[in-house]
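A quick write-up on the structure given underneath.
Only the coordinates and a few stated rules stand behind these numbers; no lab work does. No experiment lies behind these values; they were computed from the predicted model shown. As a convention, Cβ positions derive from the backbone with ideal geometry for all residues, glycine included, and neighbour counts pool all protein chains shown.
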Amino acid sequence: MGSSSTFRRIVKPIAKKLIYSTLKPLGPAKEILAGLAHAGFYAREAFEWGRRSIVATPVFLAQCATYGDDISVDRVPYINGTPRIELGSNIRVSGLINIAASSKGTPTLVIGDGVFIGHGTSFAIADRISVGKFASIAGGCYIADTEGHSHYNPQKPIWEVPAGEGDVSPVTIEDGVQISRNVMILKGVTIGARSVIGAGSVVRSDIPPDSIVMGNPARVVKKMTP
């Protein structure tokens, strides 16, 4: 019993030190490890450049009706349906975005010049969503011009209950609007130029230009001087 207790008293501190300690790079090892880190960084950036420039951007542009110059798309967007997509110039899409389009009519997504769209943003289009020049949309946003279905019918799967005419209304995001993370913008909304939408807001009604809004439902909390 005594020897077991002595063994634990000696071995346990040594084992903890081995588990929770780290080797400190000294001398040439520091330079070697720093070089490996830099090499890993450049290799990763080269891979991302290839995926962005050789694959994702050309594949996405091939699915667009019109587009300008200097467009960069990190991942091939997940597109459901056949929307009409019109792009301006100098656009950046970070990560993966989703575009879901109705099978009826000509659902249209218009993105103006100088727009940034963050990773995880989704567009649901039955008629038209337009984003003005130099707007920015942070990651995780959801923008829809449709409720996605008509009056719910519990006797049918949701995909067999399509949106009716009264469930669709275009969304317009005017020039210079800044939309923070995880914002929802619902059908029929116009967001006035240069407005700022706070993170997590749910925008259900029109927003005047030069407004700062937040909340659910989103409300104007401050007016800016244009």
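For a straight C-alpha distance cut-off of 22 angstrom, the lysines reachable from Lys223 (same-chain residues fewer than eight places away being disregarded) are Lys133. With a point put 7 Å past each Cα toward its Cβ, work out how far Ser103 is from Ile19 in nm, to one decimal. According to this spin-label approximation, the distance is 5.7 nm. The order of the peptides 160-170, 114-124 by mean Cβ neighbours within 10 Å, most packed first, is 114-124, 160-170. Across the chain, the mean sequence separation of Cα contacts (distance under 8 Å, 6 or more residues apart), normalised by length, yields a relative contact order of 10 percent.
Relative to the longest principal axis of the Cα atoms of the chain, the long axis of helix 28-50 lies at roughly 20 degrees. Taken along the Cα-to-beta-carbon direction at a fixed 7 Å, the label points for Val221 and Asp167 span 3.3 nm. Helix 2-20 and the longest principal axis of the Cα set of the chain meet at an angle near 50°. For Lys12 and Leu36, a Förster radius of 30 Å and the Cβ-Cβ distance give a FRET efficiency of 0.30, rounded to the nearest 0.05.
In terms of packing, defined here as the mean over residues of other Cβ atoms within 10 angstrom, the peptides 172-185, 84-97 line up highest first as 172-185, 84-97. With the cut-off at 1.5 for a/c, could you classify the range 63-223 from its C-alpha gyration tensor as rounded, prolate or oblate? It comes out oblate by the Cα gyration axes.
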